[in-house]
Amino acid sequence: MVSENGIIHVRIDERLIHGQVATMWTNTLKASRIMIVDDQVVKNDMEKMALKLAVPSGIKLSILTAGGAIKNISANKYVGQRVFLIVKSPSVLRTLVEGGINLTQITVGNMSSKTNSKQVRKSVSVTDQDIKDFKYLRSKNINIIAQMIPTDEPTNFMELI
């Protein structure tokens, strides 16, 4: 279902665009655009080039800062498109929501182990700050699920943390 802002799916995946995203998720969602929101990736020409090469043929790519994404989405720039939004961490989604972007569901895919993180599921580790961000997002009535690939059964993410 396409939301009023064009965003059809929101995923947290530190790997951004990789095999599962480029093939399974994009095809299942029938996405017309992949939007990467990450303030660091925007500044990294090598990472941007790698993402451009990884995008499936015929799919548009946007690589934006959180501020740029808020501005473009708020200006209805993606209405009528099928936007697959991908971020590396829940903090970016918190920034978007605080900036007025309406999200209904978030899928948690891959969050690698970091200093002071705890593993809550295969390929998903969270820090105390991640947990605070997830709780904030859930408090805004956003459904948060864990799901690696589209054929996996979604799990209530909040029960894992």
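Remarks
- Segment 89-156 - share of DSSP beta bridges that are antiparallel (%, nearest 5): 50 percent
- Using a probe of 1.4 Å on the protein chains alone, the accessible area found for Lys114 is around 80 Å².
- Debye log10 I(q)/I(0) at q = 0.12, 0.17, 0.22, 0.24 Å⁻¹ for segment 1-90, Cα point scatterers: -0.31, -0.65, -1.12, -1.34
- In straight-distance terms, cross-link reach from Lys43 covers every one of the lysines whose alpha-carbon lies under 24 Å from its own, apart from those fewer than eight places away in the same chain; here that gives Lys52, Lys60, Lys71, Lys77, Lys88, Lys114.
- Whole-number percent relative contact order across the chain, with pairs defined as alpha carbons under 8 Å at least 6 apart: 28 percent
- On segment 34-99, 53 percent of the accessible area sits on carbon and sulfur atoms, based on a 1.4 Å probe.
- The alpha carbons of segment 16-58 give a radius of gyration and a Dmax of 10.7, 30 Å, in that order.
- The Cα atoms of the chain define a convex hull whose projected area, averaged across directions, is 8.8 nm².
- A probe of 1.4 angstrom, applied to the heavy atoms of all protein chains, finds Asp133 with accessible area near 0 square angstrom.
- Protein heavy-atom accessible surface, 1.4 Å probe, per residue over segment 52-161: 51 Å².
The values are calculated or read from the model by the stated rules, or taken from the named source; none is laboratory data. A quick note: this is a predicted structure, and the numbers were derived from the prediction, not measured. The accessibility values were calculated without ligands, DNA or RNA, using every heavy atom of the protein model including side chains. Shrake-Rupley method; radii C 1.70, N 1.55, O 1.52, S 1.80 Å.
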